[in-house]
1. Based on this model, can you work out whether residue 15 counts as of a type in the set (A, V, I, L, M) and touching a Gly at 6+ places or on another chain (Cβ under 6 Å)?
2. Can you pull out every residue in segment 82-98 that is surrounded by fewer than 13 Cβ atoms within 10 Å (Cβ to Cβ) and in a loop (DSSP other than H, G, I, E, B)?
3. Collect the residues in segment 57-84 that are more than 13 Å from the chain's Cα centre (by Cα) and without any contact (Cβ under 8 Å) to a residue 24 or more places away in the chain, keeping them in residue-number order.
4. Just need a number here: residues in segment 48-98 that are under 15 Å from residue 15 (Cα atoms) and of a type in the set (Asp, Glu).
5. Of the conditions (1) touching a strand residue (DSSP E or B) at 6+ places or on another chain (Cβ under 9 Å); (2) free of Cβ contacts under 8 Å to residues at least 24 places away in the same chain, residue 15 fails just one. Which one is it?
6. Which of the residues belonging to segment 40-66 are touching a Cys at 6+ places or on another chain (Cβ under 9 Å) and not small (Gly, Ala, Ser)?
7. What pairs come out if I take residues in segment 39-56 that are within 14 Å of residue 74 (Cβ to Cβ) and free of Cβ contacts under 8 Å to residues at least 40 places away in the same chain and pair them with residues that are assigned to a helix (DSSP H, G or I) and polar (S, T, N, Q) whose C-beta lies under 8 Å away, six or more apart or interchain?
8. Can you tell me which of (1) over 10 Å from the mean Cα position of the chain (by Cα); (2) among the basic types (Lys, Arg); (3) loosely packed, with under 15 Cβ neighbours inside 10 Å is the one residue 18 doesn't meet?
Amino acid sequence: MRTFDDLTGPEQAKARSKALDELLTLVAEGAIRFNDKLNGDGLQARIDAAWKQACDMQTPWFVGEYIMETCADDLRSMAEADAQDASYPSPDERIIRI
């Protein structure tokens, strides 16, 4: 298994992108919600406002873009942490997920 630091530059970029895509999907689906009172950053309020904007514009399929307009920095930093914490198998390694 490799760590994030063992990846090449393009592999690190791909890992960041994949982590952001997965996080954005979970946030947009409502599978992940944030506690604004506890975190003190208003992130969930901005996500909820993006959902409202998408619904008001009758374009819920663009909710990810609306969320990224106001939450990109927050989500990118979380995705960066996820990517750095992950393990990456080499092409010749077999992994079993449980």
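Just so it is clear, none of the values below were taken in a lab; they were calculated from the coordinates. Computed from a predicted model, the values in this text were never measured in an experiment. Heads up, the Cβs are rebuilt from the backbone with ideal geometry, glycines too, and the neighbour counts pull from every protein chain shown.
1. It is false that residue 15 is of a type in the set (A, V, I, L, M) and touching a Gly at 6+ places or on another chain (Cβ under 6 Å).
2. Once the filter is applied, which keeps residues that are surrounded by fewer than 13 Cβ atoms within 10 Å (Cβ to Cβ) and in a loop (DSSP other than H, G, I, E, B), segment 82-98 yields 87, 89, 90, 91, 92, 93, 94, 95, 96, 97, 98.
3. 57, 58, 59, 60, 61, 62, 66, 69
4. Counting residues in segment 48-98 that are under 15 Å from residue 15 (Cα atoms) and of a type in the set (Asp, Glu) gives 3.
5. (2)
6. Within segment 40-66, 43, 46, 47, 63 meet the criteria.
7. Once the first residue is within 14 Å of residue 74 (Cβ to Cβ) and free of Cβ contacts under 8 Å to residues at least 40 places away in the same chain and sits in segment 39-56, its partners that are assigned to a helix (DSSP H, G or I) and polar (S, T, N, Q) give 46/70; 49/70; 50/70.
8. Exception for residue 18: condition (1).
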